[in-house]
C-alpha cells in the first residue's frame, strides 16, 4: 500500500510539473506578443527541450536573454546538480559582448571568445566567420528560471543560436554531453492596434467549404390537463348522505355511553 501510494503521488507530481512547464512556455510567448504589441513591431523567441531541461531564448535588437529551467533533468543529466559553463556560437559577427545579468552566484563569471568543449571554454577561436562566446565560473546549483542576458554591439545574428552547456555532479565532474544544439526560432508578429485582421488566402483548387444546415426540431404542443376545481359546491344529495352518516355515528356513540 505504501509503495503504491508513493508511486501514485510521484506520477501525479510529474504530470503536474509537465502541465506547469507547458503553461509557462505558453505564458512566455504571450508575454512576447504583448511586448511586440507595445513596441508595434515583432518579438522573437526560441524554445528547446533536451532531457527535460528547457532552454528559452528571447532577443530584441542586440540583446539576447537565455533562460534555463533545469530543476528537472533526466537521461545522462539525471545525476547533474550544477552548471559550470555555457557556450553560444553561430551568432554572426559582433564587435563586443557583455554579461548584463546572470543568476545568483554567476554574476562574476567570465566571458571569452572561445568555444565550449569537454575541457571547458578552451576550444575554437576567432578565425571562423561567426564568432562564439563562452561563459564560465564557479559552478551554481541547477534550478528553474536561470536567466542570462547578453548585450552585443555590432551586427549579431541571434535567430537560432547554437547552445552548449556543461553540467556537473556534486564533486564538480562533468556529467553527460554538452548538448550542442540550435535553439529553433519562433517569430511572433503582432500588428499595430486597429489593423484589420485578414484571413489567410485559400489555396487554388480548394473546394468551397460547405456548412451543413442546422436542423431545428418541430415544436409539439402538449395537451393541457385540467385540475379539479376545489371550490365547487357539493350537490344536495351528497350533503344529505353526509349528514345522515354523521347522525348515525352520533346515535351509536350515545348508546355505548
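The values are calculated or read from the model by the stated rules, or taken from the named source; none is laboratory data. Remember, it's a predicted structure, so these values are computed and weren't measured experimentally. All Cβ positions, even for glycine, are placed from backbone atoms using ideal geometry, and neighbour counts span all protein chains on display.
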- Could you give me the residue pairs with C-beta distances under 6 Å whose first residue belongs to the stretch 123-136 and is more than 26 Å from residue 107 (Cβ to Cβ), whose second residue is in a strand (DSSP E or B) and at pLDDT 55 or above wherever it lies, and which are 6+ apart or on separate chains? 130/92
- Residue tally, condition within 26 Å of the chain's Cα centre (by Cα), in contact (Cβ under 8 Å) with a residue 40 or more places away in the chain and surrounded by fewer than 21 Cβ atoms within 10 Å (Cβ to Cβ), over the stretch 80-108: 5
- Flagged in the stretch 60-71 as in contact (Cβ under 8 Å) with a residue 60 or more places away in the chain and either crowded, with 22+ Cβ neighbours inside 10 Å or within 25 Å of the chain's Cα centre (by Cα) (or both), in numbering order, are 63, 64, 65, 66, 67, 68, 69, 70, 71
- Do any strands (runs of 3 or more DSSP E) lying entirely in the stretch 52-171 carry at least 3 residues that are touching a helix residue (DSSP H, G or I) at 6+ places or on another chain (Cβ under 7 Å), and which ones are they? 53-60
- Message: Please determine whether any residue of the stretch 180-189 is at pLDDT 95 or above and under 29 Å from the mean Cα position of the chain (by Cα).
- Response: no
